[in-house]
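Contents: one structure, followed by commentary.
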Amino acid sequence: MEKTSRIGRFDLLRIKQMIIRFITSVSIFAVTVFFTPNFNISSFPILILSSLCIIIFDYLISIISGIHDIPLGRGIVGFVSAAIIIYSTQYFVDGYYISVISSLIAAAIYGLINSMLPNRI
């Protein structure tokens with residue numbers, strides 16, 4: 001019985017972390033859109049959908065490649081992967097547009113703001 005309660009607590013903690021990450025991601029993304037030129041999101045629901053898409057892409061890339069598990073993953077490799085994720089989201093979300101240069105700027109702003117936040121809850 002103790003084993004299932006540990007698993008249940010872990011799942012609950014993981015869900016809480018994902019919800020908090022989503023809320024902070026939407027907030028950071030809204031600020032990033034405001035300060036980045038040639039970056040347009042047509043409405044608030046598109047902002048939420050694109051943030052969700054970016055979180056899912058980031059999660060899949062970290063599972064497949066293990067980028068966030070290595071120390072270099074938080075540096076240039078993480079920056080480049082964030083820029084690619086931010087840019088490629090426009091092909092999956094209608095009402096979201098960003099240029100290549102703007103995706104680099106957005107990745108820098110997003111990374112800067114995200115680095116100021118605590119990683120663990």
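The numbers here are math on the coordinates, done by the rules we state, and not lab data. Computed from a predicted structure; not experimentally measured. Because the Cβ atoms are built from the backbone with ideal geometry, glycine has one as well, and the counts that use them run over all protein chains shown.
See the values below:
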{"read-out": "Protection proxy ranking of 96-107, 37-48, 13-24 - average other beta-carbon atoms within 10 Å, highest first", "value": "96-107, 37-48, 13-24"}
{"read-out": "Distance in nm between pseudo-label sites at V77 and L13 (7 Å out along the Cβ direction from Cα)", "value": "2.6"}
{"read-out": "In sequence order, calculated HN-Hα J values of the stretch 44-57 (Karplus, 6.51, -1.76, 1.60; Hz; x Gly/Pro)", "value": "5, x, 5, 4, 5, 5, 5, 5, 5, 4, 5, 4, 5, 4"}
{"read-out": "FRET efficiency, 1/(1 + (r/R0)^6) with R0 25 Å, evaluated for Y59 and Y91 via beta carbons", "value": "0.90"}
{"read-out": "Difference of contour (0.36 nm per residue) and Cα-Cα distance, F35 to S99", "value": "21.6 nm"}
